[in-house]
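Worksheet for the structure shown next.
The values are calculated or read from the model by the stated rules, or taken from the named source; none is laboratory data. If you're wondering where the values come from, they're calculated on a predicted model, not measured in any experiment. Because the Cβ atoms are built from the backbone with ideal geometry, glycine has one as well, and the counts that use them run over all protein chains shown.
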Amino acid sequence: MKVKEIIEKTIKEVFNTESFSVDRPSEESRCDFACNVAMVLSKTVGKNPRELAEEMVEKLKKDKELALVVDLEKIEVAGPGFINFWVRDEYLGKKISGVSGFRVKPGMTESEIEIGDSDWMKGKKVLVEYSSPNIAKRFSVGHLRSTIIGQALFNLYKASGASLTNDNHLGDWGTQFGMIIAAVEEENLDISKMSVGELEELYVRFNTRISDNPDLKEKAREAFLRLEQGDANARKIWQLAIDVSMKEFNEIYKKLGVSFENMYGESVYEQMMLEIIEDLKRKGIATEGERGAYIIKFEKNGKEYMPPAMLVKSDGSTTYMTRDMATIQKRLTEKKLNADLYIYEVGSEQKLHFRQVFETARMLWPNETKDVRFVHVAHGLLTLPEGKMSTRKGNTIKLEDLIAKAGDEARDFVKSEDVDAEKMAINAIKYNELRRSPELNYVFRWEEALAMEGNSAPYINYAYVRAKKIVEKLETEKTQTLKILFEGEERDLARLLMRFAEGEIVEDAAKNFAPHLVAGYLFEVAKKFNAFYDHNKVLGDSREKERLVLVNAVAEGIKKGMKLLGIEVVEKM
Ligand code: ARG
């Protein structure tokens, strides 16, 4: 149990109440935890909150279990009636040296060291859907964001004790494939040697020609119909488009160190859609709209609370919405996909779409969705300084450029042959993404991502390298048996590290779908460590042993924290 939980449990038992909270104080120097129980109860008891708090403190000071983790001498009343707690020195030392000594569970390999893990999601299942690029279109910078954030969320929930799976919801179906097929057939093209970029241009060109040539529109419609009906040539072109695209996408995944257990593209759901549409109609959830289209209205007490969604178009074709409904059905019914929590990492322009999808799923499958949580984690727009990126008109900023240039950018910057420049640059891209809240829009700047001073991967990685170098001398077995008591500045750093060691950082970040809380924390650790090392000698000091334990915990904490963000630190810089 965490210290916070032990405090909560004690208060609950001793005062027989649940109406209180134990929190981190806004000012770190005040205490480790503060509780408002006296303020909450004062009215019912008819006492002044400070007075009540004093009485409570006296009782708490007698608690044996609390004494193991909290410094009883230092429990005190503060402000209008808060009760403040400090973690006990011995306990702090034990926890931090535990981090240094690797808390390895039996059967775990070294790479699975559980520093920082939590168990708040134990027994739960989570599915994270992310990346989800579109076949025959460039992997956009938006998909890059989704891939990086989605992977971090996956890691955070895994570190929260849940059992995890992921799914890459490829955009491999829809009327745009009619245009590609028609374009390929028209010019009798061999697309097997084409790049995704060229495939996209093919589609874009065809699409622009459609506006002054209605015949082409008919051709594309007819080609998509053939694809739906299983026509051999249409299928062949479609499959080639998938192969060509996946080859490129897989290279990106390899560079990013991302892999998927499931890759169910939209086409997978084709067969399931008819039945879902019928069910929605039968239950009166879908109603006929204009010109034979089917729509879903969202009304409560005769009032529309959300714009209607298009389920079937007037020409009878199914929509993105229909496919998302089928996706949910598959996930709810298939064992390996089934989960308590479904996380969708998709751009914020699809916010309304997901609200509509989740709401419709709850209307259609009320029992199956009763205990299920659907969350859309939406990311904002990422632009390069050159200007806005849009996929529609084919003027996408090339992701390849960003990643391909990565190595060069970093090489200029690191200047040393020894350093894995490409890895550092990819790390910098990832961290630069994860250090801010997903929904924010931002402009990507290499000088920011690679900044040696500032909230960047190189800065944090450098603190790691520095710490690691110092602790080469540390003998873990020996220090594990030592009784470690930190003093002064050591103690402050240890208190910060304790938050990670107890799983608090992982828990906060996972609960809030906010990898940036991990990033912000790591930045804090790196800064505090640098300041500590500037003022304090480690090797050769009379407090060498304690400080080595501390510095090792810094190194291991940064390494594991970065790993949660999908970043493997480099050992040399
Ligand atoms: N392929 C879509 C896009 O690029 C994203 C898919 C998101 N996931 C979903 N279940 N609709 O916009």
### Message
Contact list please: Cβ distance under 6 Å, first residue in segment 357-383 and more than 16 Å from the ligand (Cβ to nearest atom), second residue in a strand (DSSP E or B), pairs at least six apart or on different chains.
### Response
Thr383/Val443
### Message
Can you say whether Asn432 is surrounded by fewer than 15 Cβ atoms within 10 Å (Cβ to Cβ) and in contact with a Ser or Thr (Cβ under 9 Å, 6 or more places away or on another chain), as far as the supplied structure shows?
### Response
no
### Task
Residue by residue through segment 207-243, note down the ones that are within 37 Å of the chain's Cα centre (by Cα) and of a type outside the set (Asp, Glu).
Asn207, Phe224, Leu227, Arg235, Lys236, Ile237, Trp238, Gln239, Leu240, Ala241, Ile242
### Query
For segment 496-573, which helices (runs of 4 or more DSSP H) that fit wholly inside it have 1 or more residues that are in contact (Cβ under 8 Å) with a residue 12 or more places away in the chain, out of contact with any Ser or Thr (no Cβ under 9 Å at 6 or more places or on another chain) and surrounded by fewer than 17 Cβ atoms within 10 Å (Cβ to Cβ)?
516-535
### Message
Here is a check on your reading of the model: is Lys351 part of a helix (DSSP H, G or I), within 15 Å of the ligand (Cβ to nearest atom), in contact (Cβ under 8 Å) with a residue 24 or more places away in the chain and not β-branched (Val, Ile, Thr)?
### Response
yes
### Query
Could you list, in sequence order, the residues of segment 1-56 that are closer than 12 Å to Asn84 by Cα, surrounded by 15 or more Cβ atoms within 10 Å (Cβ to Cβ) and of a type in the set (S, T, N, Q)?
Asn36
## Note on the structure
When (1) within 27 Å of Val244 (Cα to Cα); (2) at pLDDT below 95 are applied to Ile135, the one that fails is (2)
### Message
With at pLDDT 95 or above and under 27 Å from Leu381 (Cα atoms) as the only criterion, which of Asn84, Asn168 stands out?
### Response
Asn168
### Query
Restricting attention to segment 329-348, and to residues there that are assigned to a helix (DSSP H, G or I) and among the polar types (S, T, N, Q), which single residue is surrounded by the fewest Cβ atoms within 10 Å (Cβ to Cβ)?
Thr333
### Message
Please verify whether Lys47 is touching a residue at least 40 places away in the same chain (Cβ under 8 Å) and over 15 Å from Pro25 (Cβ atoms), treating the condition exactly as stated.
### Response
no
### Message
Can you tell me which of (1) surrounded by 15 or more Cβ atoms within 10 Å (Cβ to Cβ); (2) modelled with pLDDT of 95 or more; (3) small (Gly, Ala, Ser) is the one Ser317 doesn't meet?
### Response
(2)
### Summary
Counting only helices (runs of 4 or more DSSP H) entirely within segment 364-436, those with at least 2 residues that are at pLDDT 70 or above and under 17 Å from the mean Cα position of the chain (by Cα) are 421-434
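Yes or no, residue by residue, for (1) touching a residue at least 60 places away in the same chain (Cβ under 8 Å); (2) away from the ligand (no atom under 16 Å from the Cβ); (3) under 14 Å from the mean Cα position of the chain (by Cα):
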position	(1), (2), (3)
Lys122	no, yes, no
Lys125	yes, yes, no
Val128	yes, no, yes
Ala136	yes, no, no
Ala152	yes, yes, yes
Tyr157	yes, yes, yes
### Summary
Per the filter on segment 338-348, residues within 18 Å of Glu439 (Cβ to Cβ) and within 10 Å of the ligand (Cβ to nearest atom) are Tyr344, Glu345, Val346, Gly347
### Output for segment 308-337, where each listed residue is away from the ligand (no atom under 16 Å from the Cβ), under 29 Å from the mean Cα position of the chain (by Cα) and not β-branched (Val, Ile, Thr)
Lys335, Lys336
### Query
Within the group Asn250, Asn338, Asn301, which residue is among the polar types (S, T, N, Q) and either in contact with a Pro (Cβ under 9 Å, 6 or more places away or on another chain) or within 19 Å of Arg373 (Cβ to Cβ) (or both)?
Asn338
### Residue that is outside any helix (DSSP H, G or I) and either crowded, with 18+ Cβ neighbours inside 10 Å or away from the ligand (no atom under 13 Å from the Cβ) (or both), where the choices are Thr208, Thr165
Thr165
